[in-house]
Structures are given as structure tokens and as C-alpha cells.
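Written below as C-alpha cells is the structure these notes are about.
The values are calculated or read from the model by the stated rules, or taken from the named source; none is laboratory data. None of the values given here were measured: they were computed from a predicted structure. Here Cβ is always computed from backbone atoms with ideal geometry, including for glycine, and neighbour counts include all displayed protein chains. For the accessible areas, the whole protein counts, side chains as well, though only heavy atoms, and no ligand, DNA or RNA atoms are used. Shrake-Rupley method; radii C 1.70, N 1.55, O 1.52, S 1.80 Å.
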Amino acid sequence: GALVLPLAEDAPLAGLAQKADEATGGAIARALEAAKFKGRKGQVTTLWAPGAGLSKVVAIGLGKSSDLAADGVEAVGGSIAGAVAQEREAVIAADGLIPAFAASLAMGVALKSYRFDRYRTKEKEEDKPKIERVAVAVADPAKTKSAYAPMQAVTDGVFLTRDLVSEPPNVLTPVECAERCKALTKLGVEVEILGPKEMKKLGFGALLGVAQGSVQEPRMVVMKWMGAPKGKKTAKPLAFIGKGVTFDTGGISIKPAGGMEDMKWDMAGAGTVIGLMAALAGRKAKADVVGIVGLVENMPSGNAQRPGDVVTSASGQTIEVINTDAEGR
């Protein structure tokens, strides 16, 4: 497989990088010198089949050691994922990085490796990523694993959000999205799903007005993560509210056809809140947090709300609907 060497600016080969150079008869050092590789931020040099069983060696610059930061190292991890996508296996020689930075590097690799290809049927085999395993070799595995654990939880939350936002609207209806929220109970999140009757009883007239033109029933999902230590409980938890219009035609005030397929993304706010709750629970955040998502589909039909209708919100405020494509405004 491939060997990846993240190297700081003007730093000599050391640790695993030096051992790899010795194993290849100095081929790595010669290649870096010939390519004038200095380790500048974003600089990349690839050496193909240098020996020692390696398919290639990729040297990637980290920039100055004094300027290293977690987000920058994470970005380098993303670049590494792209560089080794067509390899079966890769090893990243991160033994020169402190555990926190090595973990950030691994997180960057993981985030960049995400794909949503559930519905792809015609992708050519040569275009598909081949990578099956990426190992990050570090000086202190225990501390690095400890630093990476919460990052893994955040990555899982990001992937959940990306999955939800990527699903087509005929699959991710309000009911289906609410059902997927139930999976968070495995992480310790308390999940409550409200249907039309409960929503009407609570006075959610504005939200129900958006949904009334669709055959897909609306849902509201309340997700609670109560992770604050007993001695630090607060009366008011932090709350996140996510807009979840799983498809938005605009209703009676219908949108133009061009680009309407993108309106499956009108639930991205809800998708972000759902992923956030997964991340908080996954990393056992010491905080009390409530996430609420209103899930509806906005469609034109004989039962759709009209411009000129008046609805009543949960606060008792009456709202005249001027444009049915203006949910929440």
C-alpha cells in the first residue's frame, strides 16, 4: 500500500519517515530533494514504487511547526484521503505529531472519505475509491485514541446529517425522518415524536398550515440529551431548532421548475440538529441540550393553504399568509 509522510517545513526526516527512507535505499530523501520539497503548507510530492513493498510514498507539507493548528491539520487529513483513494491500504506516519494533532489528522481523513452512493448504478469500477483501511502510526497510541474518541462521535454526527440531506424526498418523508431520529435512543437521547393531533392540540397552526397540502403527514421530533452533571444542572437547557421541509414546492406560490430538485435540501437545518444531537450524545457532552425539528412537506393541492389565509402560531400570534413559499417568515 501507500505510505504518507506529513512533514513540517524544513524538518529533517525522522522516526518512521527516516526508517522508510533507509528501507528504500534513500529513494525518499532523493525524491524530496529533486522535487524541491520543503514541507510548505499544501506542498505535495509523490514517489511511485520506491521499493520496500510500497506502491507509493506521498509527502505532504504541514507548514511551519509553530503555526500548526487543529483545523489546519484536519485539512491536511482531507488531502491525504484524496491522495490515497485508489490504494487498498495506506499508513500515515504521524509519529512526529502530538496526540491531539494526530487525532485531528485522522478526523480529516474520515470526513473526506464520506460517500453517499446508495442510488448509484452506473459508476465505472475504475472511478470508485479502492481504499479499505487507513492506519495512523503515532508515538502515543493510548493518548491519540483518547483524543480521537470525541472526534469520532462528531464525525458520526456529520455523516448522519450528510445522509439525511442526501436522501431523495420520496424516501426521506417527514414520517421517515422522524423514524430515523429514533435511532438516537441507542446513544441515550430521549426522543419524542408528535403527530398531527398532538401538534394541533399544542397550537402549531403555522407549521400545520405548511403541511396541509401534502399527503405526507407532518411530524415534530423533540430530542433531549441531559448530560450535565447533577451538581451543574440548569433550569433552562440549550435548545436548537431545525427547519425540516423535506421537500418545498413553494405550495400554491409554486417555485419555477429550474432547480426545484434542490428543494429536498430545505430540511438541512433539521438534518444538522439531528446530527448535532448524535454528536453530543456520542461524545457524552456534559451539557443539557434539547433539539427540536419540525418536519413537513410543502405541496400544492386542493387542500393546500392559500395566500390570504390566516393561521395562528403556538404563541397565539395570528399570521396572514402572503406567500406560501415563505415558511417561517
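For the reader, a short list of remarks on this structure follows.
- Pairwise FRET efficiency - Ala52 versus Lys128, Cβ, R0 = 30 Å, nearest 0.05: 0.60
- Over the chain: helical MRE at 222 nm, DSSP H runs n ≥ 4 each giving -39500 (n - 2.57), nearest 500: -10000 deg cm²/dmol
- Separation of alpha-carbon centers, segment 211-229 and segment 256-329, rounded to whole Å: 10 Å
- Projected label points at Ala326 and Val171, each 7 Å from Cα along the beta carbon direction, are separated by 3.5 nanometres.
- Ligands, DNA and RNA left out, the 1.4 Å accessible surface of the chain is 55% carbon and sulfur atoms.
- Lys/Arg +1, Asp/Glu -1 at C-beta; the chain dipole; positive extreme among Ala102, Pro256, Leu32: Ala102
- Sites Ala137 and Arg162, calculated FRET efficiency, Cβ-Cβ separation with R0 22 Å, nearest 0.05: 0.20
- With the Kirkwood sum run over all distinct C-alpha pairs, segment 206-329 has a hydrodynamic radius of 15.9 Å.
- Lysines whose Cα lies under 29 Å from that of Lys200, excluding same-chain neighbours fewer than 8 positions away: Lys182, Lys224, Lys236, Lys243, Lys255, Lys264
- In degrees, nearest ten, helix 99-112 long axis to first principal axis of the chain (Cα): 60 degrees
- For the chain, the longest principal axis of the Cα atoms and the long axis of helix 141-166 meet at an angle of about 40 degrees.
- Once the chain from Tyr114 to Met226 is taken as fully extended at 0.36 nm per residue, the excess over their C-alpha distance is 37.4 nm.
- Option label - Rg/Rh (Cα atoms, Kirkwood Rh) computed here, alternatives (i) 1.01; (ii) 1.10; (iii) 0.94: (ii)
- Between Ala239 and Lys38, the modelled label-to-label distance comes to 5.5 nm, taking each label 7 Å out from Cα in the direction of the beta carbon.
- Selected from Gly157, Gly209, Gly231, residue furthest toward positive end of dipole (segment 147-250; charges at beta carbon): Gly231
- Beta bridges per DSSP with both ends in the chain, % antiparallel, nearest 5: 45 percent
- Here each label is just a point 7 Å from Cα along the line to Cβ, and for Thr312 and Ala69 those points are 5.1 nm apart.
- Dipole-positive endmost among Leu68, Leu172, Ala287 within the chain (Cβ charges, Cα centre): Ala287
- Alpha carbon centroid spacing (whole Å) that separates segment 62-91 from segment 132-204: 25 Å
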